Amino acid sequence: MFCYQCQEANKGKGCSVKGVCGKSEEVAKLQDLLIYTLKGISEIVVKGDLDAKELGEVNHEVLRSLFMTITNANFDDDAFVQEIRKMLTLRNNLRDMVDAANKKDSPNFFQKLLGLKKEQTGKKVSVSDLHDAARFQVSSKAEMLKKAASTGVGVLATANEDVRSLRELITYGVKGLAAYAEHALNLGKEDVTLYAFIYEALAATLDDQLSADELVALTLKTGQSGVTVMALLDEANTSKYGNPEITEVNIGVRNNPAILISGHDLADLEQLLEQTKGTGVDVYTHSEMLPAHYYPAFKKYDNFVGNYGNAWWKQLEEFESFNGPILFTTNCIVPPRSEEVKARIFTTGSSGYPGCKHIKADINGKKDFSKIIELAKRLKAPTGIETGKIVGGFAHEQVFALADKVVDAVKSGAIKKFFVMAGCDGRMKSRGYYSEFAEKLPKDTVILTAGCAKYKYNKLDLGDIGGIPRLLDAGQCNDSYSLALIALKLKEVFGLEDINDLPIAYNISWYEQKAVIVLLALLHLGVKNIHLGPTLPAFLSPNVAKILIETFGIAGIGTADDDIALFMGA
Ligand code: SF4
Ligand code: SF3
């Protein structure tokens, strides 16, 4: 195996035996083969000139497959074997469609099934001209593992380190994009241009004719789709659940049995709250589900008690003391170390863990959480680990409502600078930098945050500036979109030409591939001089890193004191 897609890649280079995340060699290989299959599907769609609008099931399964390969989302080898089989069947059907169009005979079975007209079924492309990714065939798990280990499949299949770096940067951005698109889809919103882009991007990663410059251009285009998908998800969330508003969230516990819901999927949370209401079972959010408390629609549930614990990487201890069942809707799962805790973990959507019960949706998208609720009733109430409240809900509409106050504070000099500190948290000790940075920032600065990065400083007493809290939490990592809208609004209010003329500095922490799409989206919006830490991605080759540094002013981090001095212009 070789994987270097996340910030915790072994020795800052890559995991080659077992993932630091706990991913086994087998799962890593199956993930590689799944991605390879998706690349083959993408090539057929692109070369066959198939219209993504007509590919409903394929589009949705491609999102799901990509999401399954995001760091800490799914560790279940059987789930990957099944998904590879499913995607190979869909891939072969697409190939048949293109083949049938070539032969100019009547629509084949699958075309009829998809209700496609003859002229929609693609252009002439010979199957023998297609890449191996569009043609290989395996069926058993052993065959899959053998294929995955062959040259040509994994990350190292691309020999040139710069081309490899760009291909992987695009692929990881596409993974993040797919995750956000799946959340939007779960709320009934989709944008076919995003599917078309995913096919274009993944097909391009197989194309040896593309120059490094063309791949750089595609990387920036990935950022453009990142903005589109975050806007789509924002619309999906706010049209269904209302605009996030200033909210105090309880971090203590009550004395009822309870379920802890983790991950990012609000549609799953809604179903869980509906099914637990009136049962005597409480619901707590974990990690990235915290911002759900900010949405008006979830405030009507009396059993929606508060947020338990901290960022994902502290879950081993915190799940022990929670005592009740845990439902993962997405990443980040840490392999449980005791059978007792494992028996309390359930997964749904793209997440999975071997031996943990996985809850699937029926054809109407309905999920039956009764087994989790029944288990909760038999278990003890959570043991409190913290008390008090934290405040959040500063997504775009809430901040716009405070715009006059914010603008006055900037004009009077009460606020000197904003710091966007969005992104992810992680296990590395070096991330203590972010707590120190937040704590040491001058008192006339405001932090804008989103994502699980916030857990490094959201329980510090940072105070306020004339009633405006010094830490404004917009929400989940995808709500970084809100931070971009806030920046664009300030640019408009201050009549500036360039977003980079605002008194906003970007000090972003990353871990997994959703942070990659957020970063690319910010670059697309023209944001420059983003500092990225705690380390630059292992998948950036020196030359690709140089392009990002020279074109966009991307930089790493130093010490908190030095960086504050640098940002404040001392
Ligand atoms: Fe290593 Fe990260 Fe890949 Fe896991 S996801 S195998 S920790 S690089
Ligand atoms: Fe966190 Fe996994 Fe990235 Fe959504 S939950 S930000 S790391």
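Annotations
- Peptide packing: for 174-181, 254-261, 19-26, the average count of neighbouring Cβ atoms within 10 Å per residue gives the ranking 174-181, 254-261, 19-26, highest mean first.
- Treating each Cα of the range 248-378 as one equal point scatterer and applying the Debye formula with no solvent, the log10 of I(q)/I(0) at q = 0.13, 0.16, 0.23 Å⁻¹ comes out as -0.46, -0.72, -1.68.
- Distance between the range 239-282 and the range 398-422 - C-alpha centres, whole angstrom: 30 Å
- Extension gain (nm, one decimal) between residue 13 and residue 380, 0.36 nm per residue minus Cα-Cα: 127.8 nm
- Annotation: peptides 48-61, 283-296, ranked by per-residue average of other Cβ atoms within 10 Å with the highest first, follow the order 283-296, 48-61.
- Each Lys or Arg adds one and each Asp or Glu takes one away; over the other residues whose Cβ falls under 14 Å from the Cβ of residue 138, this sums to +4.
- Projecting label points 7 angstrom from Cα along Cα→Cβ for residue 464 and residue 209 puts them 6.1 nm apart.
- Each Lys or Arg adds one and each Asp or Glu subtracts one; over the other residues with Cβ under 12 Å from the Cβ of residue 88, this totals +3.
- Both the radius of gyration and Dmax for the chain are 23.5, 74 Å, in that order, over alpha-carbon atoms.
- Distance from the range 515-570 to the range 298-341 (C-alpha centre basis), Å: 32 Å
- Label-point separation in nm, residue 343 to residue 255, each point 7 Å along Cα→Cβ: 2.6 nm
- From helices alone, the chain scores -14000 deg cm²/dmol at 222 nm; the rule is -39500 (n - 2.57) for each run of n ≥ 4 DSSP H residues, then divide by the residue total.
- Sorted peptide list for 28-39, 480-491, criterion being average Cβ within 10 angstrom, highest first: 28-39, 480-491
- By the beta-carbon count within 10 Å of each Cβ, the least crowded to most crowded order of 95, 427, 378, fewest first, is 378, 427, 95.
- Helix 480-493 axis, angle to the chain major axis (alpha carbon atoms, nearest 10°): 60 degrees
- Angle between the chain longest axis and helix 25-47 axis [Cα atoms, degrees, rounded to 10]: 70 degrees
Read-outs: derived from the displayed coordinates by stated rules, not from any lab. It should be emphasised that the depicted structure is a prediction, and the values quoted were computed from it without experimental measurement. Cβ coordinates were reconstructed from backbone atoms using ideal geometry, including for glycine residues, and neighbour counts include every protein chain displayed.
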